[in-house]
1. What FRET efficiency comes out for residue 58 versus residue 149 if R0 is 41 angstrom and r is the Cβ-Cβ distance? Round to the nearest 0.05.
2. At a threshold of 8 angstrom on Cα-Cα distance, excluding pairs fewer than six apart, so keeping six or more, what relative contact order does the chain reach in percent?
3. How far is helix 86-100 tilted, in degrees, relative to the longest principal axis of the Cα atoms in the chain, given as a value from 0 to 90 rounded to the nearest 10?
4. Kindly state, to the nearest 0.05, the FRET efficiency for residue 77 paired with residue 50, given R0 = 41 Å and r defined as their beta-carbon distance.
5. Helix 2-30 against the longest principal axis of the chain: what's the angle in degrees, Cα atoms only, rounded to the nearest 10?
6. Any chance you could run the full-extension gain for residue 66 through residue 139? It's 0.36 nm times the residue separation minus the Cα-Cα distance, nm to one decimal.
7. What shape does the chain have by the C-alpha gyration tensor, where a ≥ b ≥ c are the square roots of the eigenvalues, rounded means a/c under 1.5, and otherwise prolate means a/b greater than b/c and oblate the rest?
8. Taking R0 as 30 Å, what's the FRET efficiency between residue 166 and residue 84 from their Cβ-Cβ distance, rounded to 0.05?
Amino acid sequence: MGNLAKTQKQFITILSVLVVVILLLITYLILPSSSPSALAAKEKSLQDQAKKLSIEVAPLKGIDKQLAQTRVDMKQFYEQKIPSQFSQISQHLEKLMKDTGVTNTGIHYSQDRNIQKDKDELSDVRRVGIETTVSGEYSKLAHFINAMEQDKLLFVIDQISLSSQDGGVVSLQIKFETFLKET
């Protein structure tokens, strides 16, 4: 008899658990979120979200190849546009002046190694400030400035000031920057 009572108790427990599971399943099926129209609306919403996300990430496709190409381009840029010695800068400026027919009264360089670099500055190059006064006919000065802007070395003109004008000869004070590779 004791065994029958124990089996009966187990049967009632199992039956109770099954009834609870059946009630949960019925409740799940009856809920409005599980209706076919609600499921279709949810599916459309998810498809729209997937389409929107695909559009957002489209520009990032192939970025690994673009980054590799950017590294190659930067290396080439450094090799072609950034000198490694001051003498290269001064020789190049002298050649530009000679080629365009202007004269100068001296080139002054400024750099301060103790200045903390901006967070945007590159670690392997140094900014070099340059000041010079060039003289010549207006058209030759225009050619000189144009030659600087289009030169193979990188020159960033900050300021140009008219110093004097005497009998067709114009003097311009030019402040500009270039960069030097750190060694």
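A short reminder: the numbers here are calculations on the coordinates, not readings from a lab. Please read all numbers here as calculations on a predicted model, not as lab measurements. Using ideal geometry, Cβ is built from the backbone for each residue, glycine included, and neighbour counts are taken over all protein chains shown.
1. The computed FRET efficiency comes out at 0.70.
2. 20 percent
3. Tilt of helix 86-100: around 60 degrees.
4. Between residue 77 and residue 50 the formula returns 0.55.
5. Between helix and principal axis, roughly 50 degrees.
6. Taking residue 66 through residue 139 to full extension adds about 22.1 nm, to one decimal.
7. prolate
8. According to the calculation, E is roughly 0.15.
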